[in-house]
Amino acid sequence: MTALLEVEDLRVAYGKIQAVKGISFTVEEGEVVTLIGTNGAGKTTTLRTLSGLLKPVSGQIRFEGKSLRKIPAHKIVSLGLAHSPEGRHIFPRMSIEDNLLLGAFLRSDKAGIDKDVQRAYDLFPILGERRKQAAGTLSGGEQQMLAMGRALMSQPKLLMLDEPSMGLSPIMMQKIMATIAELKSQGTTILLVEQNAQAALALADHGHVMEIGKVVLSGTGQDLLHDESVRKAYLGED
Ligand code: ATP
């Protein structure tokens, strides 16, 4: 069986700066796969390339067996790949509900869209309570919820989350991680980029450790969580 997403020897550069230096990994349907690593390792660059926002220098990206290399970003969304970006990118003056509806811009099934808006409110009740308010009035963690809810509105086959826990309080972070676990249990396939290695590995089926543009270690989430070098480098142990 082919994987939902196959990345093979992917290289991405900003001019002369090589940000991703030949990485390979797969994401199977129903899995949570995480990319962890320090600042500047190339994780965000990888997600932006998968979304079609950056063009690779070389390598292959296949989604459901089809190459994504020549497909523009908006078409990639319609193929079923949604991206909740780092820094969230919500529209602060628009209402929470209108921000959510933006995620459904490629859909015309009104009843299905209404159902998915309700699903976002079930996942994140605060968004429902404040649906008519400007999104800019939400706290950082709530904006993160909105960004995730918006990405889900395209009914993605693969949901890519870039640092969903960034800048959040420990309680908010736990809430976001619990939601990711809930989405997984509902069958959503997720590619998760996180600086919080502990939380990400704890819920991931597979993980890849990136350092300066390369994957230096791969394994199941549990294996990496118990790996001595990972514990020292990323989990703050001596
Ligand atoms: P972070 O968690 O800090 O976002 P990351 O692992 O996601 O880290 P990237 O943001 O992908 O890393 O950055 C990888 C490398 O590419 C870094 O050396 C970074 O400085 C460089 N880089 C990122 N964006 C640009 C850009 N627009 N122009 C030039 N270099 C860039």
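Here are the numbers for this structure:
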| quantity | calculated |
| --- | --- |
| Considering residues of the stretch 162-199 that are among the aliphatic types (A, V, I, L, M) and at pLDDT 95 or above only, the residue nearest to Leu123 (Cα to Cα) | Ile190 |
| Test: residue in the stretch 93-105 that is closer than 22 Å to Leu192 by Cβ and assigned to a strand (DSSP E or B) | no |
| Criterion: surrounded by 14 or more Cβ atoms within 10 Å (Cβ to Cβ), β-branched (Val, Ile, Thr) and in a strand (DSSP E or B) - qualifying residue of Val77, Val33 | Val33 |
| Flag for Lys43 being among the basic types (Lys, Arg) and more than 8 Å from the ligand (Cβ to nearest atom) | no |
| Filter result for Arg69 (within 16 Å of the ligand (Cβ to nearest atom), basic (Lys, Arg) and either open to solvent by 40 Å² or more (accessible area, probe 1.4 Å) or without any contact (Cβ under 8 Å) to a residue 24 or more places away in the chain (or both)) | no |
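The values are calculated or read from the model by the stated rules, or taken from the named source; none is laboratory data. Keep in mind it's a predicted model, so treat the numbers as computed, not measured. FYI the Cβ positions are ideal-geometry reconstructions off the backbone, even for glycines, and counts take in every protein chain you see. Each accessible area value is taken on the protein alone, full model and side chains, heavy atoms only, with ligands, DNA and RNA left out. Shrake-Rupley method; radii C 1.70, N 1.55, O 1.52, S 1.80 Å.
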